[in-house]
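Derivation of every value follows stated rules applied to the coordinates shown; laboratory data play no part. Just so it is clear, the model here is predicted, and its values are computed rather than measured. A quick note on method: Cβ atoms are made from the backbone with ideal geometry, for glycine too, and the neighbour counts reach across all protein chains shown.
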Amino acid sequence: MSEFVLTPAERILLEELDRLGVPYLIVGMGAALLEGATGTTQDLDLWFGTIDRAKVGEAARRAGGFYTEGYGQQPPAIGGEGLDRVDVVLTAQGLGPFADEHAQARSYELDGVPVRVLPLARVIASKRASNRPKDLAQLPILEATLAARQRRPPD
Amino acid sequence: MDRSPILPDLTDDQRAWLLESEQLWREAGGIVAEQPDLDVGDVYHALRSLRLSPGERLRRGLTRVRVRPHSR
């Protein structure tokens, strides 16, 4: 049996964001995992510098879901079947302007879909700046991974 | 392949895994010698993870179960 990383809806969403020219970065622990960290996460955090509502909404629609700017306590989100792991991130602590971070991002392919990913060193900077206990708790593993990466050729 | 008595009763695959793993522990130890604030086990597992494809790394770390299995 084939084992894919993404759900079909997630794959379509990322393909359509790419096709529609919507820049985004995979950040947070998802980025750290792609960069080689061990550990776990429940979410795929997508950082958008600014949200183009029409384009993000269209990408979500083509993936079978929808985009909402938020409602009550609900922050902006992409919802729908197979999209529940996707979190929309609009502000990222400890990082530079989105355009600068995007320019220095790393490129990977997930199930054949090209994605841009925040480098591990920048994930660490962001988590350190957030100063949340759950982020600080992940730092030892991320620092160990960064040290290990420095002994390996780039992916 | 090392067939010394210190690795008795192992198949070739098991012996290869053990020798490779020991090499990673050795490499992790070298890294920690330079950066003592790191945990040698964390570095070892990071070195192991770096042998996987990026997609496989993410697949192993994403814990939320998909709504339904899928295929292409």
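Let me know the mean shielding of A:41-49 by other chains, meaning the per-residue number of their Cβ atoms within 10 Å of its Cβ. Before the final figure, lay out each step's value.
On the way: counts 5, 5, 3, 3, 0, 0, 0, 0, 0.
The per-residue average across the peptide is 2.
Give me the angle, in degrees from 0 to 90, between the Cα long axis of helix A:120-130 and the longest principal axis of the Cα atoms of chain A, rounded to the nearest 10.
Once rounded, the angle reads 80 degrees.
Got a sec? How would A:Ser130, A:Ser107, B:Ser49 order by Cβ neighbour count within 10 Å, fewest to most?
Values: A:Ser130 15, A:Ser107 9, B:Ser49 23.
Final ranking by Cβ density, sparse to dense: A:Ser107, A:Ser130, B:Ser49.
Taking other Cβ within 10 Å of each residue's Cβ, how do B:Asp9, B:Asp37, A:Asp155 sort, fewest first?
Details: B:Asp9 6, B:Asp37 9, A:Asp155 15.
So the residues, fewest neighbours to most, are B:Asp9, B:Asp37, A:Asp155.
For segment A:14-51 and segment A:85-155, write down the distance between their C-alpha centroids in whole Å.
Rounded to whole Å, the Cα centres lie 9 Å apart.
Once you have the Kirkwood Rh of segment A:8-148 from its Cα pairs, apply Stokes-Einstein at 4 °C and 1.567 mPa s and quote D in µm²/s.
Details: Rh = 15.4 Å.
Reported coefficient: 84 µm²/s.
Within 10 Å of each Cβ in B:27-39, how many Cβ atoms from other chains are there, averaged over the peptide? Display every interim value, and only then the final one.
Values: counts 3, 4, 0, 1, 5, 2, 0, 1, 5, 0, 4, 8, 4.
For peptide B:27-39, the averaged partner shielding equals 3.
Between A:Ile51 and B:Val40, how high is the FRET efficiency from 1/(1 + (r/R0)^6) when r is the Cβ-Cβ distance and R₀ = 35 Å? Nearest 0.05. Before the final figure, lay out each step's value.
Details: r = 43 Å, r/R0 = 1.23.
Efficiency, from the Cβ-Cβ distance: 0.20.
Hey, what angle do you get for helix A:133-149 against the long axis of chain A, alpha-carbon based, 0 to 90 degrees rounded to 10?
70 degrees
Using +1 on the beta carbon of Lys and Arg, -1 on that of Asp and Glu, and nothing else charged, what's the dipole of the protein assembly as shown about the Cα centre, debye to 20? Don't skip to the answer; put the middle values down first.
Details: 29 positive and 33 negative charges, 76 e Å.
Using Cβ point charges on Lys, Arg, Asp and Glu, the protein assembly as shown gives about 360 debye.
How far is helix A:8-19 tilted, in degrees, relative to the longest principal axis of the Cα atoms in chain A, given as a value from 0 to 90 rounded to the nearest 10?
Helix A:8-19 sits roughly 90 degrees off the main axis of chain A.
Under a plain spin-label model, where a point goes 7 Å from the Cα along Cα-to-Cβ, how far apart in nm are B:Asp12 and A:Ala129?
Calculated label separation equals 5.3 nm.
Ranking A:Thr38, A:Thr145, A:Thr68 by Cβ neighbours within 10 Å, fewest first, what do you get? Walk me through the numbers before you get to the answer.
Working: A:Thr38 20, A:Thr145 28, A:Thr68 16.
With the sparsest Cβ surroundings first, the list reads A:Thr68, A:Thr38, A:Thr145.
How much net charge surrounds B:Ala33 when only the other residues with a Cβ under 15 Å from the Cβ of B:Ala33 are counted, with Lys and Arg +1 and Asp and Glu -1?
Numbers: positive: A:Arg151, B:Arg26; negative: B:Glu27, B:Glu34, B:Asp37, B:Asp39, B:Asp42.
Net charge in that neighbourhood comes out at -3.
Counting only helical runs of four or more DSSP H residues, what would the 222 nm mean residue ellipticity of chain A come to if each run contributes -39,500 (n - 2.57) and the total is spread over all its residues? Write down the numbers at each step before the final one.
On the way: 6 runs with 63 residues, N = 155.
My calculation for chain A gives -12000 deg cm²/dmol from helical runs alone.
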